[in-house]
Amino acid sequence: MKWKNSNLELLKILADPRRSRILHLAADRPVTVKMLAEQMGEDPLRLYYHVKKMVKAELLEIKETRQHGNLTEHYYQAVDLSEVVYNSNLEENAEHLETIMALVHRRLDPGLRLYRKGLELVREETPKGAKFGRLPYHVVVTSATSRVTGKEWEESLSRLIQSITRSEAPPDPMFPSDGREDEVGSYQYVLVSYRIEDAERLGLLDASENEEESGESDRNE
């Protein structure tokens, strides 16, 4: 598993959970915008903007182009990101602090909203006799603490990301050395995980920046 530096524009693109869905749906085989729209329950015109941004960022590639009369149809496939985890540039992040924090909330807040919706539904339905063994949506908000060395903490983060991404390659070091690898401390872990489709179905995802129809040429894809 390789750590790769990313710029601010790439972070903006990856911060939208819907684009994660697009990457997953286009991972195994080339797909058209129409095919993506059918699987995601979206208007194709709304997806053209996302796809165009992802092609420009080299997250999607045009694998095939077919001509149907006056209609040009592109087939897109996601690049292989199974062994790549993007790491942001600290200096650039510090320069655009407010934007970076907004991007963090863009990924985090839908999960917290979904968690709240789940608890609200449990509160509403329990007096009516409903029984819940788990939340009605796929969302988890949990935490744990561990007293370990700095090195053990970094290794635990790498193993966690390796498990989530299902990477078989051993992880590279996550951070450069700061001389505190052997220093013991109490580390807090907070996990927020949610099913993007659940959050999207309930309208809990924020609208994309400048999400709009992107011209006549896009309508031909």
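The values are calculated or read from the model by the stated rules, or taken from the named source; none is laboratory data. Source: prediction; values computed, not measured. Note that we place each Cβ from the backbone using ideal geometry, even for glycine, and neighbour counts take in every protein chain shown.
General remarks:
- In segment 46-70, the residues that are loosely packed, with under 13 Cβ neighbours inside 10 Å and under 18 Å from Arg18 (Cβ atoms): Lys56
- Criterion violated by Lys117 - all others in (1) surrounded by fewer than 15 Cβ atoms within 10 Å (Cβ to Cβ); (2) within 26 Å of Arg18 (Cα to Cα); (3) among the charged types (D, E, K, R) satisfied: (1)
- Residues that are over 30 Å from Arg46 (Cα atoms) and either at pLDDT below 95 or surrounded by fewer than 13 Cβ atoms within 10 Å (Cβ to Cβ) (or both) within segment 186-211 comprise Ser186, Gln188, Val190, Leu191, listed in sequence order.
- Once segment 144-163 is narrowed to residues that are of a type in the set (A, V, I, L, M) and surrounded by 11 or more Cβ atoms within 10 Å (Cβ to Cβ), the residue that is modelled with the lowest pLDDT is Ile161.
- Test: residue in segment 116-138 that is in a helix (DSSP H, G or I), modelled with pLDDT of 95 or more and of a type in the set (Gly, Ala, Ser): yes
- Selection count, segment 120-143, where residues are surrounded by fewer than 10 Cβ atoms within 10 Å (Cβ to Cβ) and more than 31 Å from the chain's Cα centre (by Cα): 4
- Tally of residues being at pLDDT 90 or above and either under 19 Å from Glu197 (Cα atoms) or touching a helix residue (DSSP H, G or I) at 6+ places or on another chain (Cβ under 6 Å) (or both) across segment 55-67: 1
- Pairs where the first residue, in segment 87-106, is under 12 Å from Lys12 (Cβ atoms) and the second is exposed (fewer than 11 other Cβ atoms within 10 Å of the Cβ) and at pLDDT 90 or above, C-beta under 9 Å, 6+ apart: Ile100/Ala94
- Glu181 more than 21 Å from Pro17 (Cβ to Cβ), in a helix (DSSP H, G or I) and among the charged types (D, E, K, R): no
- The lone criterion from (1) more than 25 Å from Asp206 (Cα to Cα); (2) over 18 Å from the mean Cα position of the chain (by Cα) left unmet by Asp28 is number (2).
- Asp43 meets all of the listed conditions (1) of a type outside the set (Gly, Ala, Ser); (2) modelled with pLDDT under 85; (3) under 22 Å from Arg195 (Cβ atoms) but one, namely (2).
- Residue check for Leu81: at pLDDT below 95, in contact with a helix residue (DSSP H, G or I) (Cβ under 8 Å, 6 or more places away or on another chain), under 30 Å from Ile62 (Cα atoms) and assigned to a loop (DSSP other than H, G, I, E, B): yes
- Filter result for the condition that a residue is assigned to a helix (DSSP H, G or I) and not polar (S, T, N, Q), over Ile62, Ile13: Ile13
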